[in-house]
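Reviewing the structure listed below.
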Amino acid sequence: MSRDILKAQASLEAVADQVLQFAKAQGASAAEAALSEESGLSVNVRLGDVETIEFNKDKGLGITVYFGQRKGTASTADFSSGGLEDAVRAACSIATFTAEDPYAGLADAERMATEIPDLDLYYPWDISPETAIELATECEDAARGYDERISNSEGASLSSHEGTRVYANSHGFMGSYSTTRHSMSCSVIVEDDNGMQRDYWYSVARDRHDLEAATAVGEKTAARTLQRLGGRRIDTCKVPVLFSADVAGSLVSHMISGIRGGSLYRKSSFLLDKLGEQIFPEFVHIHERPHMKKVLGSAPYDSEGVATYARDLVRDGVLQGYVLDSYSARKLKMESTGNSGGVHNVLIEPGELDQQALLREMGTGLLVTELLGMGVNIVTGDYSRGAAGFWVENGVIAYPVDEITIAGNLADMFMQLQAVGNDIDHRGNIKCGSLLIDAMTIAGT
């Protein structure tokens, strides 16, 4: 870690300490402060021309104070002593107007992270705008030059961002860490006698050396888009469905939504009261790994300072735990699971088959590569989304498919999971291979 970053962390920690002292002086019984300082560069090119160059340098503070169980929150970007004191005073004023909430308060002191491991999350990229434009242009050129049927482009982009976060509270907890995030993406349009199609690809990483090459991103974008030419609708049917790895994680995200504390204490989840019950076949293992090094979803503690830890969410198909912050945990008479602000690296353990082998396993059915719309009801589990992909016959892709809807119920879909592919998409916070579902309704012609 460079001296500049250590200095930035120390500076933000000093601000956090000052804010907590102001809160104490105002008579708050407890307080917490979350600070961030971020900077970055983003460029977009389209058809060989530069469309945008954006620099950002932002900082912010959120302060929450408690007077007993009355809560007030305020925020500011003014880190001067007067600006900080004004923000604290505003939060305290708000607290005087709020009703007492028996579940409000800081996370329990004994749940605070006592050690903050170095998770290897900081890899700054001293990239100039000229170099960023050159790489984005190289990416788009690789896509546009891939095939003469590529008639247009939605552009290519490159971004590089770094930031430092600090969280402190009146339990005496003070934590800080710095992160980086670099990405490259491209989207193009292909056209032939049957019409036009678009698709995209992107690469993202903490370390720029882990990004896919600019030409690789462009060529993959072009190849994916060309595959979609000649898309057609199919007859309404009920068949097996294979979700490709880059969209399969959304199914796991729906499970996570169903076991979040807010959904549970409001009794608005299709997974209500399912703790300890089987919700997947026995071969399914889903776990959270927040301390994976150099990975986008990693974090040493959550947004309340609670220590994150590795744990099973589903083991042998049985639901093992919920996703709770301190407030929802108290409402449910449970303990925080270190998930204030979300989950950290959820993995569904892969099987032995790659996507091609899963297609052969499926035989005849639908390979889904894109999902559209938000037709998912977490209360009932009803699932209905627009989709595009490929019709598969005898384990081989036959032709592209679009303008269809796939429907089912999440509880049934989870129990009808047949296999998890080993083609894991590592780019997101949910790391998942292709998922083969036994049967879903496809609404077509």
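The values are calculated or read from the model by the stated rules, or taken from the named source; none is laboratory data. Bear in mind that the values here come from a model prediction, so they are computed numbers and not experimental data. Positions of Cβ are backbone-derived with ideal geometry, glycine not excepted, and every protein chain shown enters the neighbour counts.
Here region 102-133 is the region considered, the condition is being assigned to a loop (DSSP other than H, G, I, E, B) and either under 14 Å from GLY40 (Cα atoms) or not assigned by TED's automatic domain parsing to the domain that holds ALA156 (or both), and the residue that is farthest from the chain's Cα centre (by Cα) is SER128. Here ALA310 meets the list (1) without any contact (Cβ under 8 Å) to a residue 40 or more places away in the chain; (2) under 29 Å from THR380 (Cβ atoms) almost entirely, failing just condition (2). Among the residues of region 257-278, the one identified as crowded, with 21+ Cβ neighbours inside 10 Å and under 19 Å from GLU349 (Cβ atoms) is ILE259. Answer yes or no as to whether ASP316 is of a type in the set (Asp, Glu) and without any contact (Cβ under 8 Å) to a residue 24 or more places away in the chain. Against the criterion (of a type in the set (Asp, Glu) and without any contact (Cβ under 8 Å) to a residue 24 or more places away in the chain), ASP316 does not qualify.
Only a single item in (1) among the hydroxyl-bearing types (Ser, Thr, Tyr); (2) touching a residue at least 40 places away in the same chain (Cβ under 8 Å); (3) surrounded by fewer than 18 Cβ atoms within 10 Å (Cβ to Cβ); (4) assigned to a strand (DSSP E or B) is not met by THR73, and it is number (2). Scanning region 204-245 for residues that are in contact with an Asp or Glu (Cβ under 9 Å, 6 or more places away or on another chain) and within 19 Å of ARG46 (Cβ to Cβ) yields ALA214, THR215, GLY218, LYS220, THR221, ALA222, ARG224, THR225. When each of ALA214, ALA245 is tested for being under 23 Å from LEU121 (Cα atoms) and touching a helix residue (DSSP H, G or I) at 6+ places or on another chain (Cβ under 8 Å), the lone residue that passes is ALA214. Taking region 22-59 as the range and being surrounded by 16 or more Cβ atoms within 10 Å (Cβ to Cβ), hydrophobic (A, V, I, L, M, F, W, C) and closer than 28 Å to ASP141 by Cα as the test, the residues that pass are LEU41, VAL43, VAL45. Within region 156-182, the set of residues being aliphatic (A, V, I, L, M) and within 30 Å of LEU47 (Cβ to Cβ) comprises ALA156, LEU158. Residues in region 225-274 that are β-branched (Val, Ile, Thr) and either in a helix (DSSP H, G or I) or without any contact (Cβ under 8 Å) to a residue 24 or more places away in the chain (or both): THR225, VAL247, VAL252, ILE256. If you filter region 415-434 down to residues that are touching a helix residue (DSSP H, G or I) at 6+ places or on another chain (Cβ under 7 Å) and either free of Cβ contacts under 8 Å to residues at least 60 places away in the same chain or not in a loop (DSSP other than H, G, I, E, B) (or both), you find that the one that is surrounded by the fewest Cβ atoms within 10 Å (Cβ to Cβ) is ASP425.
Just so you know, in region 127-164 the residues that are among the acidic types (Asp, Glu) and touching a strand residue (DSSP E or B) at 6+ places or on another chain (Cβ under 9 Å) include one that is surrounded by the fewest Cβ atoms within 10 Å (Cβ to Cβ), and it is ASP147. Summed over region 1-20, the residues that are under 18 Å from SER75 (Cβ atoms) and out of contact with any strand residue (DSSP E or B) (no Cβ under 7 Å at 6 or more places or on another chain) give a count of 1. Within region 110-126, the set of residues being surrounded by 14 or more Cβ atoms within 10 Å (Cβ to Cβ) and among the charged types (D, E, K, R) comprises just one member, ARG111.
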